[in-house]
Structure formats: structure tokens, C-alpha cells
Amino acid sequence: MDKNIQISIIVVSLNTKDKFEKTLNSINNQSLKNYELIVVDGKSSDGTDKLIEKYQNIIDKKIIETDTGIYDAMNKGVKISSAKWCIFLNSGDIFYENFTTERISSFLKKDVDVIFSDTIIQNNGLEYKSIANYFSHRISKIPFCHQSSIVRKDLIRSNGFSLNYKLSSDFDFFLKIFIRRKKFIKI
């Protein structure tokens, strides 16, 4: 592994051709290239595979095969990642700015397990900010978007995203590591 590679950016997709290219361009436009780009596609039938082929020069690793859902795809991406840190972008997600990986990098050397941030959500012409919060013992839903977090790979590998949940495995994962007193910081 290149010692400059600190982050595995894992893009999961299934039949998201119209959104996929936007995500890859957002990653490719990052000012600091301290990442590897991993694409996990659930064997799309809408032409996403052609875009994966088109962008093979910026994709470091890829898996194209059927899976049981988003969390299965995320686990597969983590399994082949080389970096110490993982961030997940669903197809269609973009980084807030072109120097996001640069900003994150300064926090990667700190004694921390999860770094998270606010999220800008754009949906049907509306744009709003989702304010990220810390976990607490009284929380009943995930307090930040998993796409706005970066996690130590060893934590994901040892816990994984449960395939028992269709929608809440990210909450389950973060709650379990919160209970284990892993260190979260908001930036």
C-alpha cells in the first residue's frame, strides 16, 4: 500500500447511472489525493457498468457482483480496502468541497475512532443542513449521516455492518462502538 493513502473512499451503487458520474467527479476533484477509490456495484443493469469502465483510470479497486443490499456492499468494500480509514459515499453523494479530504487528513492522526460532520441534503429542489450530534445513551436514531463520517477500518472489519437490518445497520454499528467507548469527534 502507498504510505500516502490514508482513506478508502467506498462508493456503493446499484442501477444509479444518472447519479454515479457526479459522485466520481466529486472524488476526482479532491485537492489531496491521499485516498484509494473503491467501487462496489451490485451488478447494475442500467449502464452503470459502462461508467465504471469509463472511469477505470481513477478507480483503484472494484467489485461488480450481486449482493444482498447496501450494507453487504459496504462490508465488501471494507474487506478489500488498504487504508486505515473508510468513508462511504452512496452513488449520487458528493463531497461538500474540493478540499474535504485535505481537511479530514489533519484529524486522522489524532486519538480518535470516528470523525463526523454535518450534512447538506439536497432533495427535490430543496436544500437543508442536517446538524450532526454525538451519540448518547438516550438516542434512538443515528445522530449523523454515515456518508458524513469517516471510521477506522479495523473497527468496521471487527464489527461489520449487520445484514440483519435493511435500513438501520449503520445505526446498529455506530451504537455498538459507542457502547464500547470508542472516541467520536465532530468537525
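The values are calculated or read from the model by the stated rules, or taken from the named source; none is laboratory data. What you are looking at is a predicted structure, and each value in this text was computed from that prediction instead of being measured. Heads up, the Cβs are rebuilt from the backbone with ideal geometry, glycines too, and the neighbour counts pull from every protein chain shown. We work out accessible area using only protein heavy atoms, side chains counted, and drop any ligands, DNA or RNA first. Shrake-Rupley method; radii C 1.70, N 1.55, O 1.52, S 1.80 Å.
What to note about this one:
- Cβ pairs under 6 Å, 6+ apart, first in the stretch 126-154 and free of Cβ contacts under 8 Å to residues at least 24 places away in the same chain and among the small types (Gly, Ala, Ser), second surrounded by 10 or more Cβ atoms within 10 Å (Cβ to Cβ) and assigned to a strand (DSSP E or B): Ser130/Thr119; Ser130/Ile121
- Number of positions in the stretch 79-95 that are of a type in the set (Val, Ile, Thr), outside any loop (DSSP other than H, G, I, E, B) and either surrounded by fewer than 18 Cβ atoms within 10 Å (Cβ to Cβ) or without any contact (Cβ under 8 Å) to a residue 24 or more places away in the chain (or both): 0
- Single residue of the stretch 19-39 satisfying the filter (among the hydrophobic types (A, V, I, L, M, F, W, C) and in contact with a strand residue (DSSP E or B) (Cβ under 6 Å, 6 or more places away or on another chain)) that is farthest from Ile104 (Cα to Cα): Phe20
- Scope the stretch 3-32; condition open to solvent by 10 Å² or more (accessible area, probe 1.4 Å), within 21 Å of Thr101 (Cα to Cα), touching a residue at least 24 places away in the same chain (Cβ under 8 Å) and assigned to a loop (DSSP other than H, G, I, E, B); matching residues: Asn4, Ile5, Gln6, Asn29, Ser31, Leu32
- Residues located in the stretch 101-117, provided they are open to solvent by 20 Å² or more (accessible area, probe 1.4 Å) and modelled with pLDDT of 95 or more: Asp113, Ser117
- When we screen Lys76, Lys110 for residues that are within 16 Å of Ile9 (Cβ to Cβ), in contact with a strand residue (DSSP E or B) (Cβ under 8 Å, 6 or more places away or on another chain) and either basic (Lys, Arg) or assigned to a helix (DSSP H, G or I) (or both), the only hit is Lys76.
- Residue list for the stretch 25-54, restricted to those being over 21 Å from Thr66 (Cα atoms) and not hydroxyl-bearing (Ser, Thr, Tyr): Asn25, Ile27, Asn28, Asn29, Gln30, Leu32, Lys33, Asn34, Glu36
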